[in-house]
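Working notes, beginning with the structure itself.
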Amino acid sequence: MTHREKIENILFILNSHAGTGKIEQIKREIQESCKFYGLHDFYIEKKDPDQASRAIVDQADQVDLVVSVGGDGSNFWTLNALMKTRQRNLGLIPLGTGNDFAHALGLKKSIRSQVEAYKKAEKKDIYIGKIQDYYFLNIVSYGFDVCVIENYNQMAKESHKKLAYIRAIFKTIRKDFSKFTQANKDWPFISVLANGSYFGGGLPIAYQASPFKPDLDYIQGHIYKTKDIVRLLAKVFLKNHLTDPAVQLEEKSRQEITTEEEKIFNIDGELLPLKGKILVEKPQEKIQLYGAYKHVKGL
């Protein structure tokens with residue numbers, strides 16, 4: 001396991017779609033900031049996650065810090081590659097479509113601010129989650145939001161991303177709500193195991209969750225009537241859905257989910273199929289998250 005007090009060499013993982021496609025501009029700003037603060041910068045440009053993961057595994061132990069430049073999906077692939085090495089120093093520059101984990105922590109979007117924090121070695125120890133062989137920073141979920149993401153992925157190219165997500169919610173209500181019936185109790189409307197507090201581009205689904213505490217927030221909600229969806233979604237926006245009688249909250253360090261049929265899980269914005277006995281847990285090993293914060297939840 002590698003922890004370094006002084007940061008000199010940084011490996012930046014660039015998502016080619018980060019910053020709405022302005023990858024060259026982003027890279028130039030990182031280069032200028034690193035030069036200003038006297039840091040040595042190296043780059044992997046992510047187009048194919050598997051190829052990028054192999055490159056991270058090969059190079060992570062040769063630097064002092066690995067930084068994911070992008071959103072929650074980029075962070076997911078970077079973290080999982082990192083956990084195959086001895087390196088445990090991670091930075092996030094939140095320039096992706098979804099930045100829910102960074103939003104929860106109050107991480108600044110400014111590249112210059114983040115690079116300055118790396119130079120000063122400003123860091124926080126955080127817990128991470130694990131589902132089967134995958135690690136996650138933010139949230140694991142299945143149910144309604146997985147259907148929304150599937151529909152959103154079909155719509156995102158056709159309209160503005162924020163509008164596409166709203167349209168995807170209504171399409172899911174029309175098209176997929178029959179899955180969330182009383183007879184199908186293992187497919188709840190809401191099922192979330194949270195290390196971070198936001199998902200879906202800023203919905204405070206688990207507003208009490210924190211990567212600074214050793215337990216996950218396990219939230220389940222069964223809704224069997226279409227009219228109840230609007231009520232519950234409104235409560236999510238207002239951060240009072242955890243008081244709704246249809247919603248249950250438990251704090252757990254581990255939870256086993258059993259499904260005989262293959263189901264799609266949302267793991268930090270990545271949709272991955274799993275089946276059988278699925279263990280979701282919060283291992284007690286921590287990583288060091290470097291960065292500049294507007295505020296830090298949980299401290």
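Taken together, the values in this text are just the output of simple stated rules run on the coordinates, not laboratory data. Note that the structure is a prediction, hence the values are computed from the model and not measured. Don't worry about glycine lacking a Cβ; one is built from the backbone with ideal geometry, like all the others, and counts go over all protein chains shown.
For the reader, a short list of remarks on this structure follows.
- Rounded to the nearest whole Hz, the Karplus-based 3J(HN,Hα) values (6.51 cos²θ - 1.76 cosθ + 1.60, θ = phi - 60°) of region 251-266 follow the sequence 9, 9, 7, 7, 8, 9, 10, 10, 9, 6, 9, 5, 10, 8, 10, 8, with x at glycine and proline.
- As a ratio to 2.2 N^0.38 Å, the alpha-carbon radius of gyration for the chain is 1.00.
- For peptides 91-100, 130-139, sequence by mean Cβ density within 10 Å, most packed first: 91-100, 130-139
- Whether region 139-281 is rounded, prolate or oblate, judged on the alpha carbon gyration tensor where a/c under 1.5 counts as rounded: rounded
- Between LEU249, LEU289, LEU238, the residue with the greatest mean-square fluctuation in the GNM of the chain (Cα pairs under 10 Å linked by springs) is LEU238.
- Residue-wise HN-Hα couplings along region 169-175, as the Karplus relation 6.51 cos²θ - 1.76 cosθ + 1.60 with θ = phi - 60° gives them from phi, are 4, 5, 5, 5, 4, 6, 8 Hz; Gly and Pro carry x.
- Each Lys and Arg contributes +1 and each Asp and Glu -1, all at the Cβ; summed about the Cα centre of the chain, the dipole is approximately 820 debye.
- Rounded to the nearest 10 degrees, the angle from helix 144-155 to the longest Cα principal axis of the chain is 70 degrees.
- Contact order relative to length of the chain, as percent, for alpha carbon pairs under 8 angstrom and 6 or more apart: 21 percent
- C-alpha long axis of helix 72-82 to longest principal axis of the chain, angle in °: 60 degrees
- The chain: angle of helix 49-59 to the longest principal axis, Cα-based, in degrees nearest 10: 40 degrees
- The simple Förster model, with R0 at 35 Å and r as the Cβ-Cβ distance, assigns ARG86 and GLU261 a FRET efficiency of 0.40.
- Label point of GLN25 set 7 angstrom out along Cα-Cβ; within region 33-61, amide nitrogens under 18 Å from it belong to 33.
- Structure-based [θ]222 nm, the chain - -39500 (n - 2.57) summed over DSSP H runs of at least 4, per residue, nearest 500: -9500 deg cm²/dmol
- Farthest positive-ward along the chain dipole, Cα basis, beta-carbon charges - from ILE30, ILE173, GLY143: ILE173
- Added length on full extension, which subtracts the Cα-Cα distance from 0.36 nm per residue, SER178 to ASP48: 43.3 nm
- Percent RCO, i.e. relative contact order, over region 139-281, from Cα pairs under 8 Å lying at least 6 residues apart: 24 percent
- Cleavage-rule hits, trypsin sites (Lys or Arg not before Pro), region 173-274, DSSP coil, Cβ neighbours within 10 Å at most 14: LYS185, LYS225, LYS239
- For region 27-40, the Karplus equation 6.51 cos²θ - 1.76 cosθ + 1.60, evaluated at θ = phi - 60°, returns couplings of 4, 4, 5, 5, 4, 5, 5, 5, 4, 4, 9, x, 9, 9 Hz by residue, with Gly and Pro reported as x.
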